[in-house]
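Notes follow the structure.
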Amino acid sequence: TSFASGGVSALTVHEIDILITPDPIEAPDILYVSVFDYELVLAVPSSHPLASRDYADPTDLTLETLLTYPVPPQRLDVFTQFLVPANCSPRHHRNVETTEMMLQLVAARRGISAIPDWLVRQEAATLGVRPVRIGLTGIHKSIHLGLRRGEEAVDFIAGFLKASRGREMPRIPKHESRS
């Protein structure tokens, strides 16, 4: 919550103009606009036993290393909406800074990860990873843009909102390897 509320504070005091977040924190002067929906899924190696299943149960993660972004577990949906309600936890929890490294570790069978479905689909064929639904119904999320109320018509903000709406799957540029 401190990271998210830090973003709201930065927006409120004009340090930033737009906040991009999957977890909006209501504030009277902030307007949130949903720009695209996604599903949080488990990224698993194609050869992993879960890869042949339609969805994972919380107990399936008790023998796994769960790779996540460096965010406290109480802010991660895989914990708050899936593991904690079932009184389960992964065998190990490891923080990884970047999506690219996380997916490389999954492909190398060093763990599994809870990340947006579009990221897994984007890299599935190249890396040999597969998305698996988290629970029977999944964890569905939306990316929101937060902005100060009354600034929707400011040219660059209006342009950003227009460009952002209707996009289903963002693209992350590939990094060139330097040899």
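The values are calculated or read from the model by the stated rules, or taken from the named source; none is laboratory data. Nothing here was measured: the structure is a model prediction, and the numbers come from that model. In this analysis, Cβ positions are derived from the backbone assuming ideal geometry, glycine residues included, and neighbour counts consider all displayed protein chains. These area figures cover heavy atoms from the full protein model, side chains too; ligands, DNA and RNA do not enter into them. Shrake-Rupley method; radii C 1.70, N 1.55, O 1.52, S 1.80 Å.
Rounded to the nearest 5, the antiparallel percentage of DSSP beta bridges internal to the chain is 75%. The slack in the chain from Asp57 to Ile157, taken as 0.36 nm per residue of separation less the alpha-carbon distance, amounts to 31.9 nm. In the range 1-157, taking the dipole from charged Cβ atoms about the Cα centre, the farthest positive-side position among Ile157, Pro131, Tyr38 is held by Pro131. Computed in the context of the full set of protein chains, the accessible area of the chain at 1.4 Å probe radius has 52% of its extent on carbon or sulfur. A cut-off of 5 Å between modelled amide H atoms, ignoring neighbours fewer than 5 places along the same chain, links Tyr69 with Val96.
For the chain, the Cα-based Rg and Dmax, in that order, read 17.7, 51 Å. Protein heavy-atom accessible surface, 1.4 Å probe, per residue over the range 1-160: 52 Å². To the nearest ten degrees, helix 2-12 and the longest principal axis of the Cα atoms of the chain are 20 degrees apart. Taking only Cα atoms and a 10 Å spring cutoff, compute GNM fluctuations for the chain and point out the largest among Asp155, Asp17, Asp117. Between Asp155, Asp17, Asp117, it is Asp155 that shows the largest mean-square fluctuation. How far, in degrees from 0 to 90, does helix 155-164 lean away from the longest principal axis of the Cα atoms of the chain, to the nearest 10? Rounded to the nearest ten degrees, it is 30. For the range 33-94 versus the range 95-142, the inter-centroid distance based on Cα atoms is 9 Å.
Taking Asp57, Asp29, Asp37 in turn, the Gaussian network model of the chain (Cα-Cα springs below 10 Å) assigns the largest fluctuation to Asp29. The charge dipole of the range 1-110, taken about its Cα centre with unit charges on the Cβ atoms of Lys, Arg (+1), Asp and Glu (-1) only, comes to about 600 debye. Charged neighbours of Gly138, selected by a Cβ distance under 12 Å, balance to -3 (K, R count +1; D, E count -1).
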